[in-house]
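What follows is one structure encoded as structure tokens, with my remarks underneath.
The values are calculated or read from the model by the stated rules, or taken from the named source; none is laboratory data. Keep in mind the model is a prediction, meaning the values are calculated, not measured. Here Cβ is always computed from backbone atoms with ideal geometry, including for glycine, and neighbour counts include all displayed protein chains.
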Amino acid sequence: IFSDPICPWCYIGKARLDYALETRPDHPFQVQWHPFQLNPEMPPEGMDRRAYLEGKFGGQQQAVKAYMPVIEEAAGSGVEINLEAIKRTPNTMNAHRVIHWAGLEGKQNAMVDRLFRAYFVDGRDIGEIEVLSDIASGAGLDGDMIARLLESSADASDLLARDMDARKKGVNSVPTFLIANQH
């Protein structure tokens, strides 16, 4: 799954996929999460959420209008979402790095779940190293090690290359589900 942890449609899509897989416990699928930044030009420190949305959608009214389907679909899917809690739109590269490292430990789904909840329910800034290391600890990873890795450039160029490769192969929105080399 190509996804970004600040994408509300990815959050809803994961909830729907989880439900579908739970109804078929004998399914043959192995879920792997791959990086796709919705905002690859986002400054490393992120930006004010309201300014971001109004700039992206052309004003407050258009931003509200754009998010109405998200609110409706989240409610219809039983997905808890608290958009008012979100104060910042982060750069998600570090979150993608943590998702990658969680995958090496067999804890990718738990990490993705926790990132979605932290951002969309708790309004946490998942661009901050301290927040990411705390979330990683909750997913069963060594939070101190994650913080040290995030202070370095470990795997950043690889994750950026994977994001760019997905774009070259035609991924232009998320979530994108790749099954048997078809998306």
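Quick look at the numbers
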| item | result |
| --- | --- |
| Unique residue being surrounded by fewer than 16 Cβ atoms within 10 Å (Cβ to Cβ), within 19 Å of residue 1 (Cα to Cα) and out of contact with any Asp or Glu (no Cβ under 9 Å at 6 or more places or on another chain) when the list is 106, 138 | 106 |
| Looking only at the range 34-65, and only at residues there that are of a type in the set (A, V, I, L, M) and either surrounded by 14 or more Cβ atoms within 10 Å (Cβ to Cβ) or at pLDDT below 95 (or both), the one that is farthest from residue 157 (Cα to Cα) | 64 |
| Residue 147 vs. criteria surrounded by 14 or more Cβ atoms within 10 Å (Cβ to Cβ), touching a helix residue (DSSP H, G or I) at 6+ places or on another chain (Cβ under 7 Å) and either farther than 21 Å from residue 73 by Cβ or at pLDDT below 95 (or both) | yes |
| Options 73, 80, 84; residue that is over 13 Å from the mean Cα position of the chain (by Cα), outside any helix (DSSP H, G or I) and not aliphatic (A, V, I, L, M) | 80 |
| Filtered residues of the range 74-103 (kept if surrounded by fewer than 15 Cβ atoms within 10 Å (Cβ to Cβ) and within 23 Å of residue 147 (Cα to Cα)) | 87 |
| Residues of the range 13-38 satisfying the condition of being under 27 Å from residue 93 (Cβ atoms), touching a Gly at 6+ places or on another chain (Cβ under 9 Å) and either outside any loop (DSSP other than H, G, I, E, B) or without any contact (Cβ under 8 Å) to a residue 12 or more places away in the chain (or both) | 15 |
